[in-house]
Amino acid sequence: MSRKENHLLTEKIIKELKKHPEGTFVSEIARDLGLSKSTISYILNTRLKEKIHEVKASKGRLFRVIRLK
């Protein structure tokens with residue numbers, strides 16, 4: 001994947017997060033963008049780490065709710 005493609009993908013994820021100011025699941029972002037959850041998680045954890053806030057879902061669940069800071 002080229003740098004331009006990486007930048008465009010990052011921008012798409014930011015746009016998707018802006019649609020959900022209360023937060024959304026990584027799986028929903030992946031579904032809406034037609035990408036894998038691991039790809040979305042990688043970008044969130046590397047390129048967007050400083051721009052997002054992770055809200056813990058209820059106890060014992062494996063879901064991450066993500067929103068922009």
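The values are calculated or read from the model by the stated rules, or taken from the named source; none is laboratory data. On a predicted model such as this, the values are computed, not experimentally measured, just so you know. Ideal geometry is used to build each Cβ from the backbone, glycine not excepted, and the neighbour counts take in all protein chains shown.
So for segment 1-21 (the condition being outside any helix (DSSP H, G or I) and at pLDDT below 90), does at least one residue qualify? Yes: one or more hits. The residue that is surrounded by the fewest Cβ atoms within 10 Å (Cβ to Cβ), counting only those in segment 30-39 that are among the polar types (S, T, N, Q) and part of a helix (DSSP H, G or I), is Ser38.
For Ser27, are the conditions met, namely being part of a helix (DSSP H, G or I), modelled with pLDDT of 90 or more and surrounded by fewer than 15 Cβ atoms within 10 Å (Cβ to Cβ)? Considered against the rule, which asks whether it is part of a helix (DSSP H, G or I), modelled with pLDDT of 90 or more and surrounded by fewer than 15 Cβ atoms within 10 Å (Cβ to Cβ), Ser27 comes out as yes. Residues in segment 1-24 that are of a type in the set (A, V, I, L, M, F, W, C) and touching a strand residue (DSSP E or B) at 6+ places or on another chain (Cβ under 8 Å) were compared, and the one that is surrounded by the fewest Cβ atoms within 10 Å (Cβ to Cβ) is Ile14.
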